[in-house]
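Here the structure comes first, spelled out in structure tokens, and everything after it is commentary.
Every read-out reported here was derived from the displayed coordinates using simple, explicitly stated rules and does not represent laboratory data. Not measured: the values here are computed from a predicted model. Neighbour counts are summed over all protein chains in view; Cβ atoms, including those assigned to glycine, are modelled from backbone coordinates with ideal geometry.
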Amino acid sequence: MSRLSLFSSPLLLGFDQFERALDRVSKATADGYPPYNVEQVAENALRLTLAVAGFKPEELSVQIEDNQLVIRGKQSDEADRVYLHRGIAARQFQRSFVLADGIEVVGAALDNGLLNIDLRRRVAEGTVRAIEIKTLAGNGIKKPVGGERSGT
């Protein structure tokens, strides 16, 4: 059974990458940890802020994997501590965000338990390009590239 694609129209050429991105987004976990904000800080700049209280910089990683921003955190238990009550567990998480073409990560900073990741949208220059229209040889049949056409 074939799957009906949102981008199956013959008028949408080369949009299969968007379909793959939608598949990745739909497979993302429903876990709400850590909570995050997405904020527009300038016309072409965004800031992603994750609440990662208790994490040290070395326990966090920010990577780009196939147009996907992946943030991971892993806290480790300290073996020399003896807890009488343990209400704060050492946690680990992974949060993924699909990046559109033209979005680049500028930097990341940890400030008072908030991990700020700055993103910038590259402004695409509007270009117009003329495509040359060639005429077909003689009888309307295009000759093969690189040699003569063998006929009957």
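Would you pull out the residues with amide H under 5 Å of ALA45's amide H, same chain only if 5 or more places away, H placed 1.01 Å from N?
ARG121
Ordered by residue, what ³J(HN,Hα) values in Hz, to whole numbers, does the stretch 85-92 give under the Karplus form 6.51 cos²θ - 1.76 cosθ + 1.60, where θ = phi - 60° and Gly and Pro are x?
Values per residue, Gly and Pro as x: 9, 10, x, 10, 8, 6, 10, 9 Hz.
Could you work out how much longer the chain between VAL41 and LEU110 gets when fully extended? Use 0.36 nm per residue separation minus the Cα distance between them, nm to one decimal. Don't jump to the answer; show the numbers that get you there.
On the way: separation 69, 0.36 × 69 = 24.84 nm, distance 1.74 nm.
Working it through step by step, the gained length comes to 23.1 nm.
Just name one of VAL106, ILE117, GLN75: the one whose Cα is farthest towards the positive end of the charge dipole of the stretch 33-121 (beta-carbon charges, Lys/Arg +1, Asp/Glu -1).
Projecting each Cα onto the dipole axis, the largest value belongs to GLN75.
Using the Kirkwood formula on the Cα atoms of the stretch 33-121, what hydrodynamic radius do you get, in angstrom to one decimal? Walk me through the numbers before you get to the answer.
Values: mean 1/r = 0.0699 Å⁻¹.
When all Cα pairs of the stretch 33-121 are included, the Kirkwood radius is 14.3 Å.
Are there chymotrypsin sites (Phe, Trp or Tyr not before Pro) in the stretch 36-124 that DSSP puts in a loop and that have at most 11 other Cβ atoms within 10 Å, and which ones?
Within the stretch 36-124, the qualifying chymotrypsin sites (Phe, Trp or Tyr not before Pro) (loop, at most 11 other Cβ atoms within 10 Å) are TYR83.
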